[in-house]
Amino acid sequence: MKRLFLAAILLLGVTALSVAQNDIDAFRFSQSDYEGTARFMGAGGAFSAVGAEFSALNVNPAAIGVFKKNEISFTPLVISIFNDNAIYNGHNSRTSNVKYSLANAGGVFRIGLNQESGWKSIHLGFGYNRTQDYNNTYRIEGTSHNSSMMDEYLANVQGKNLGNIGDDELLAWKTYMLDYDSVSNRFYSPFAGKSLHQKLVTESSGANDEMAFSIGSNYNDQLFIGATIGVPIISYNEKTRYIEEDESGTNYISDYLITENLRVRTAGVNLKLGVIYQPVEFVRIGAAFHTPSYFGRVRSNYTKTMTSYYPDGRNSGTYENNYAFNYTLTTPLRAIGSVAFLIKKRAFVSAEYEFTGMGMSRMSSNEYSFDEENEAIQDKYGACHTVRIGGEVYVTNNFLLRAGYNFKSSAYRKSVNNNNAMHTASAGFGFRTKYFFCDFAYVFKTKTENLWMYDSDFVDPASLKTNTHRVVATIGCKF
């Protein structure tokens, strides 16, 4: 019955084009979680008003004007340990993985000027800092409450003919996860509305590494200005395996597997402007503005395969959809305000606030309108508020201690049933001489958010808690 229906209905149309890109891609690539040198990370990244720190050039470019010497820094060691715990319908799933990366390399060079003008120096800087790390693996597993991904697929195909259903639903049709009853004139699925064992495993890798080309100046050791042209380079890979299994043993299909592979490559550009003002010897006030980053060609390759299995272990065949798609992405603007208190050139305490309009991201293409995706961005995401505080103190002439704390608010609107607020605590120490320095930091991050394995109208969310432990080491020299 199914094959006769298929032969007849394919004459009525062609499969509608669907693309893998959605508001989640824009959200993912619009986030920033500044990394960099061990000094920067150990003191909570709160250097926007302090200055004289290379990694701060990606936050407040005026930091470059505070340097008194040339400086080169390199962060060859970042060890990250990711611990994830997902709770889905009372079932806990824990995963752990370790990654190694490079977080920073760069230099700042000072050119002295005629002191009579008040402008004491011009500073040039270039290098890179990691602004977002995409490495992680998590697993969600448990028994559904009379729910299947096929419920979502059924809702998408009812009342349609096979010629105009989506590509995902056509995969389900080919693997016998969707069928058609010609008596009732309705699609149905052997898994719809059943309690099933479900499992989702997602592995992601890659990063957003931003190249920084900075210039700044120092006016009478009181006013520091700077500008950075940022070139963010995004490399992202994600592999997802989703399994549903009917443990009753009464179905003609026992289980099925969906595998998705996503590969994204792009480079963009942005401009950052900043200023630091020192009204008195022990106070500095900073402000910075980041234009949106513009990615003119986001290259996305997406593959989705589906296989179903019979109780005797035979499979129905593996069917695959492949997409190669290019689009443009504009990420949100950012604004930063900061203040630092300097204590007799032996210590500082600093605080800063960052505003990010996450709902301002936009996707576009000549081949596809992205109207629905851009509307979803506006509806789901709002303002994100970040507070960073940190401090540093010389214990001896060469040994320093640091500590910091960050809070990043949820980027979701209140109408969305989610909260991805993140807390970060850090500590570190360093050894500094006239010409050489080495710094070490430990950073702990924790975040809890809701994740849905498929459309939230058909499945309960899983609560995913991610704890990240990070050890960072930096070496550098001054001259």
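The values are calculated or read from the model by the stated rules, or taken from the named source; none is laboratory data. As the structure is a computational prediction, the values presented were derived from the model and not from experiment. Cβ: placed from backbone, ideal geometry, glycine included. Neighbour counts: every protein chain shown.
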Inset, instruction - Might you check whether a residue that is in a loop (DSSP other than H, G, I, E, B) and of a type in the set (S, T, N, Q) occurs anywhere in region 442-455? - result: no
Inset, instruction - Would you be able to say whether some residue in region 151-166 is of a type in the set (S, T, N, Q), over 30 Å from Glu449 (Cβ atoms) and touching a residue at least 60 places away in the same chain (Cβ under 8 Å)? - result: yes
Inset, instruction - Please find, within region 148-190, the residue that is farthest from Ser456 (Cα to Cα) out of those that are outside any helix (DSSP H, G or I) and of a type in the set (A, V, I, L, M). - result: Val183
Inset, instruction - For residues that are part of a strand (DSSP E or B) and among the charged types (D, E, K, R), scanning just region 212-259, find the one that is nearest to Asn114 (Cα to Cα). - result: Glu238
Legend entry - Flag for Tyr153 being closer than 20 Å to Leu196 by Cβ, of a type in the set (Ser, Thr, Tyr), under 29 Å from the mean Cα position of the chain (by Cα) and surrounded by 20 or more Cβ atoms within 10 Å (Cβ to Cβ): yes
Inset, instruction - Given the conditions (1) at pLDDT below 95; (2) surrounded by fewer than 17 Cβ atoms within 10 Å (Cβ to Cβ); (3) in contact with a strand residue (DSSP E or B) (Cβ under 9 Å, 6 or more places away or on another chain), report the number of the one that Phe444 does not fulfil. - result: (1)
Legend entry - Those residues of region 423-479 which are under 30 Å from Gln198 (Cα atoms) and among the hydrophobic types (A, V, I, L, M, F, W, C), in sequence order: Leu451, Trp452, Met453, Phe458, Val459, Ala462, Leu464
Inset, instruction - Looking for whichever is touching a strand residue (DSSP E or B) at 6+ places or on another chain (Cβ under 9 Å), surrounded by fewer than 16 Cβ atoms within 10 Å (Cβ to Cβ), of a type outside the set (A, V, I, L, M) and touching a residue at least 24 places away in the same chain (Cβ under 8 Å) here; the options are Lys69, Lys120, Lys99. Which one fits? - result: Lys69
Inset, instruction - Under 7 Å between Cβ atoms, at least 6 apart or on separate chains: pull out the pairs that start in region 401-424 with a residue that is within 9 Å of Gly382 (Cβ to Cβ) and end on any residue that is part of a strand (DSSP E or B). - result: Ala411/Tyr381; Ala411/Cys384; Tyr412/Tyr381; Arg413/Tyr381
Inset, instruction - Evaluate region 192-206: report whether one residue or more is at positive phi and within 30 Å of the chain's Cα centre (by Cα). - result: yes
Legend entry - Test result for Ala421, touching a helix residue (DSSP H, G or I) at 6+ places or on another chain (Cβ under 8 Å), under 23 Å from Glu35 (Cα atoms) and hydrophobic (A, V, I, L, M, F, W, C): no
